[in-house]
4 protein chains.
Amino acid sequence: MIGHRVWAIPEGFIPGRSFSQQPELVSHEAACILNASDEPASVELTLYFEDREPAGPYKVEVEPRRTKHMRFNDLKDPERVPRDTSYSSVIRSNVPIVVQHTRLDSRDPHIALLSTLAYPVES
Amino acid sequence: MIGHRVWAIPEGFIPGRSFSQQPELVSHEAACILNASDEPASVELTLYFEDREPAGPYKVEVEPRRTKHMRFNDLKDPERVPRDTSYSSVIRSNVPIVVQHTRLDSRDPHIALLSTLAYPVES
Amino acid sequence: MIGHRVWAIPEGFIPGRSFSQQPELVSHEAACILNASDEPASVELTLYFEDREPAGPYKVEVEPRRTKHMRFNDLKDPERVPRDTSYSSVIRSNVPIVVQHTRLDSRDPHIALLSTLAYPVES
Amino acid sequence: MIGHRVWAIPEGFIPGRSFSQQPELVSHEAACILNASDEPASVELTLYFEDREPAGPYKVEVEPRRTKHMRFNDLKDPERVPRDTSYSSVIRSNVPIVVQHTRLDSRDPHIALLSTLAYPVES
């Protein structure tokens, strides 16, 4: 079994501007989720903010032996993720997964990138 | 309980120049702190330098179920964090938290970013 | 013994364009593999995608007391890694190794970098 | 006691060019070492390459309650670190330390950054 069932990403910030509207180059943050198991992963995200109660759960399915590069930009239900706003996320799955966090900042045409593994929570 | 009570970030360096004074785009370093617990987190930072004794403790509160993207730039008490100076930090909390480190370098208008999880200290 | 036998990298994306064809500056992703042991490491990679079954195993040898900065761009057998496509990877070795993930994005002449340690899978 | 005695950094690559010779902006890689203990840390580095036997040990001292942002560029004894060459490093200390890896790439005036925690080796 590869991974953990609970992960946390303390950093979160989607820049509100993008020099390009090409999907690849829009400013975005992603949680890259690997489900290397043979069962579907039912994943739930909760978002934490600086000045209000958490939002969620957001529900995401990751099929067996698949990856999903889930953009926080695309989350809509129960609510859109605000831009230019600091947040954190906690990710819970019914089967072990592995999670990596990335941001592409394209406020300027010369993009900047960051990435780190998420934090695997002991259970 | 999500996280650890003690974290370390070996890297620290706030560039002394910024092409813009917009808060989002000023050169800065941050410790993004997630307190997913239901109790307030009383957090204390100690800063380590290359050529003198540590500074601190700096005190930060993070409310229950909240994140705080704390900029090292904004620390003032007991003393300001010097710019263009190498430092490290140790972060202690009374409740478990999760910590991620980021730098935005805007000495040039085409910014650069870095990020990593902090190091969770066994206790 | 330094390292783990199994590692996972949830993020994977090789940009399909590069402003330069110089090997150093072509857009690429790498798994930097350290084999600090005194035995050869037989390494096998499996790639996971968003919409089809995994590809692999890809076989890589890392000699004793050597590093290999293996570019995903160069993998050809059993198949080439598609560009502009999200993937993840799992890396298995017969001896302990340490793995770090990097991307150099040179779609623009002003390159962007990201890096993180891979996730060491408990065994 | 904060940290581990042995750390590994699989990635290593010092770009051979820099748009500026200002110390802050020269292309470089660093191991940021935090010694939060009350004893001096005697640190030894070994460098691993793709096509020859390891180099080292390189010796570095980190005073009690100090950080050292050690540039691989500055290592000279037993030999200089070659530029434009892939390497890895293993870092051993007599007391627990914490290690983070960074690269600043200034081949272009619009710099790129990467960083990650090093890998704490179980002992």
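Residues of segment B:20-45 that are among the β-branched types (Val, Ile, Thr) and under 20 Å from A:PRO10 (Cα atoms): B:ILE33, B:VAL43. Somewhere in segment C:37-49, is a residue assigned to a loop (DSSP other than H, G, I, E, B) and open to solvent by less than 50 Å² (accessible area, probe 1.4 Å)? Looking through segment C:37-49, at least one residue is assigned to a loop (DSSP other than H, G, I, E, B) and open to solvent by less than 50 Å² (accessible area, probe 1.4 Å).
Candidates C:GLY3, C:GLY12: the one that is at pLDDT 95 or above and closer than 16 Å to C:VAL95 by Cα is C:GLY3. Looking across segment C:29-52 at every residue that is hydrophobic (A, V, I, L, M, F, W, C) and more than 14 Å from chain D (Cβ to nearest Cβ), the one that is nearest to A:GLU61 (Cα to Cα) is identified as C:PHE49.
Examine segment D:69-77 for a residue that is touching a residue at least 60 places away in the same chain (Cβ under 8 Å), touching a His at 6+ places or on another chain (Cβ under 9 Å) and not hydroxyl-bearing (Ser, Thr, Tyr), and state whether such a residue exists.
yes
For segment D:68-105, the set of residues classified as of a type outside the set (Gly, Ala, Ser) and assigned to a loop (DSSP other than H, G, I, E, B) consists of D:LEU75, D:LYS76, D:ASP77, D:PRO78, D:GLU79, D:ARG80, D:VAL81, D:PRO82, D:ARG83, D:ASP84, D:THR85, listed by residue number.
Taking the numbered list (1) in contact (Cβ under 8 Å) with a residue 24 or more places away in the chain; (2) more than 10 Å from chain A (Cβ to nearest Cβ); (3) among the charged types (D, E, K, R); (4) assigned to a loop (DSSP other than H, G, I, E, B) in turn, B:ASP108 passes all entries but (2).
So is A:PRO10 over 13 Å from the mean Cα position of the chain (by Cα) and either touching a residue at least 40 places away in the same chain (Cβ under 8 Å) or open to solvent by 40 Å² or more (accessible area, probe 1.4 Å) (or both) or not? No: the conditions fail for A:PRO10. In segment A:27-38, the residues that are in contact (Cβ under 8 Å) with a residue 24 or more places away in the chain reach residues that are in a strand (DSSP E or B) and of a type in the set (Phe, Trp, Tyr) with C-beta atoms within less than 7 angstrom, at least six apart or across chains, in these pairs: A:LEU34/C:TYR48; A:ALA36/C:TYR48. Just name the residue that is nearest to the other protein chains (Cβ to nearest Cβ) out of those in segment D:69-92 that are among the hydroxyl-bearing types (Ser, Thr, Tyr) and crowded, with 23+ Cβ neighbours inside 10 Å. Per the stated criteria, the residue is D:SER88. Among D:THR67, D:THR85, which is of a type in the set (Ser, Thr, Tyr) and either under 13 Å from the mean Cα position of the chain (by Cα) or under 18 Å from B:GLU11 (Cβ atoms) (or both)? From the options D:THR67, D:THR85, the qualifying one is D:THR67. From the residues in segment B:111-123 that are outside any loop (DSSP other than H, G, I, E, B) and at the interface with chain D (Cβ under 8 Å from one of its Cβ atoms), which one is farthest from the chain's Cα centre (by Cα)? Step by step, filter segment B:111-123, then rank; the result is B:ALA112. Scanning segment D:93-105 for residues that are open to solvent by less than 10 Å² (accessible area, probe 1.4 Å) and more than 10 Å from every other protein chain (Cβ to nearest Cβ) returns a single hit, D:VAL95. Return the residue satisfying two criteria in turn: it lies in segment B:53-67 and is within 12 Å of chain A (Cβ to nearest Cβ) and part of a loop (DSSP other than H, G, I, E, B), and of such residues it is farthest from B:PRO40 (Cα to Cα). Residue satisfying both the conditions and the ranking: B:ARG65. Taken over segment B:15-28, the criterion of being within 20 Å of A:SER86 (Cβ to Cβ) and at the interface with another protein chain (Cβ under 10 Å from one of its Cβ atoms) is satisfied by B:GLU24, B:LEU25.
The values are calculated or read from the model by the stated rules, or taken from the named source; none is laboratory data. Keep in mind that what you see is a predicted model, and the values were worked out from it rather than measured. Glycine gets a Cβ as well: all are built from the backbone with ideal geometry, and neighbour counts include every protein chain shown. Accessible surface is based on the protein model in full, side chains and every heavy atom, while ligands, DNA and RNA are left aside. Shrake-Rupley method; radii C 1.70, N 1.55, O 1.52, S 1.80 Å.
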